[in-house]
Amino acid sequence: MADSPYQLRYWNLMKELKVHVIYLHNYAAQSEWRDKAVNIFLAITSSSSIAAWAIWQRYQLVWAIIIALSQVVTAIKPFLPYKQRMKSISELNDHIQELSLECEKNWFEVAEGELTEKEIHDLAIDIKNKSLIAQQKCLKTMVLPKKSDILRKAEKEADLYFQNNYYIGEK
């Protein structure tokens, strides 16, 4: 796969970018699902208020808890980060996908030894710099909590991607 330390470093960068692409995609999907779940819960509780009169007498405590929970969720919804995260993560993922593709495009020259170690180093630093700029632009002051389950899944999907698209030997 890689003969020199610089080729190996570049290979690892390429794998890292692919993991980031998959991670950001899955992170955005999870954030979107949570945002939809909150909205669906609020829609159901607000639109079923009229229908609840029929069961009000029988399940007063249950209905009171649901209504109270709905009011709490409505109050805190503007502070939930899901909607804001979705936009930022999707924009960042677009940039990281471009960098991942650029990295893969250059892999042939790196792998075939057509570039010097300095050229490989410069390519890697350029891609890392573009990644940093994209993160600063898209996330600004937002901090994304690390989600280990999503990261593990992204690493497995990236491994599968490289097994299917690059010969990496037996595992």
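The values are calculated or read from the model by the stated rules, or taken from the named source; none is laboratory data. As the structure is a computational prediction, the values presented were derived from the model and not from experiment. We place every Cβ from the backbone using ideal geometry, glycine too, and count neighbours over all the protein chains shown. Heads up: the accessible areas ignore ligands, DNA and RNA and are worked out on the full protein's heavy atoms, side chains in. Shrake-Rupley method; radii C 1.70, N 1.55, O 1.52, S 1.80 Å.
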Discussion item. As an exercise: evaluate Ser100 against (1) assigned to a helix (DSSP H, G or I); (2) modelled with pLDDT under 85 and give the number of the one condition it does not meet.
Written reply: (2)
Discussion item. When you check Glu117 against the structure, is it charged (D, E, K, R) and closer than 17 Å to Leu13 by Cβ, yes or no?
Written reply: yes
Practice prompt. Could you check Tyr27 against (1) modelled with pLDDT under 80; (2) surrounded by 11 or more Cβ atoms within 10 Å (Cβ to Cβ); (3) among the aromatic types (Phe, Trp, Tyr) and say which number it fails?
Written response: (1)
Worksheet item: If a residue has to be without any contact (Cβ under 8 Å) to a residue 24 or more places away in the chain, of a type in the set (S, T, N, Q) and surrounded by 15 or more Cβ atoms within 10 Å (Cβ to Cβ) to count, how many in the range 112-167 make the cut?
Response: 0
Worksheet item: In this structure, is Ala54 part of a helix (DSSP H, G or I), at pLDDT below 90 and among the aliphatic types (A, V, I, L, M)?
Response: yes
Worksheet item: Does Lys83 meet the test of being within 13 Å of the chain's Cα centre (by Cα) and either open to solvent by less than 40 Å² (accessible area, probe 1.4 Å) or under 26 Å from Gln30 (Cβ atoms) (or both)?
Response: no
